[in-house]
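Asker: Dropping the structure in here first, questions after.
The values are calculated or read from the model by the stated rules, or taken from the named source; none is laboratory data. Just so it is clear, the structure is predicted and the values come from calculations on it, not from any experiment. Cβ: placed from backbone, ideal geometry, glycine included. Neighbour counts: every protein chain shown. These area figures cover heavy atoms from the full protein model, side chains too; ligands, DNA and RNA do not enter into them. Shrake-Rupley method; radii C 1.70, N 1.55, O 1.52, S 1.80 Å.
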Amino acid sequence: MKSFFMQKSFNCTFDFLPSKNKKSEPTVIYELPVQIVRFKISDGSYEVIATNLSEDLFSSDDLKYIVGLRYFHAILFFDFISLMILIESHANFS
């Protein structure tokens, strides 16, 4: 399965931010490097993620693998919690 990697650099100004915060201190602007990665998961179906991981350290296949592990662990955690709730609701602690 072929992965697609796209990166776009641009600067955005958030004109809705106040020039000073509640303590009358000037607003601090931080730069956040973000890359957009688009994976083809089936015919005509794509998944898009935004990450701040370096393109030099992680290839698009590495990112796809990392995202897959994250979803796998989230599903395992959900299944574990569901099982604990089921056991707790049917346990007789008298």
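Asker: Mind checking which residues of region 43-71 are open to solvent by 60 Å² or more (accessible area, probe 1.4 Å) and part of a strand (DSSP E or B)?
Answerer: Tyr46, Val48, Ala50
Asker: Determine if region 72-80 includes at least one residue that is of a type in the set (Asp, Glu), assigned to a helix (DSSP H, G or I), out of contact with any Asp or Glu (no Cβ under 8 Å at 6 or more places or on another chain) and open to solvent by 90 Å² or more (accessible area, probe 1.4 Å).
Answerer: no
Asker: Sticking with this structure for a sec: Among the residues of region 1-32, what is the count of those that are at pLDDT 75 or above and of a type in the set (Lys, Arg)?
Answerer: Residues that pass the stated criteria total 3.
Asker: Ile87 passes all but one of (1) surrounded by fewer than 10 Cβ atoms within 10 Å (Cβ to Cβ); (2) not in a helix (DSSP H, G or I); which number fails?
Answerer: Among (1) surrounded by fewer than 10 Cβ atoms within 10 Å (Cβ to Cβ); (2) not in a helix (DSSP H, G or I), Ile87 violates only (2).
Asker: Could you list, ordered by first residue, the pairs with Cβ atoms under 7 Å in which the first is in region 49-63 and more than 15 Å from Phe39 (Cβ to Cβ) and the second is open to solvent by 50 Å² or more (accessible area, probe 1.4 Å) and in a loop (DSSP other than H, G, I, E, B), at least 6 apart or interchain?
Answerer: Asn52/Leu32; Asn52/Pro33; Asn52/Val34
Asker: Here are the criteria: (1) exposed (fewer than 10 other Cβ atoms within 10 Å of the Cβ); (2) within 27 Å of Leu17 (Cβ to Cβ); (3) among the polar types (S, T, N, Q). Tell me which single one Gln35 does not satisfy.
Answerer: Gln35 satisfies every listed condition except (1).
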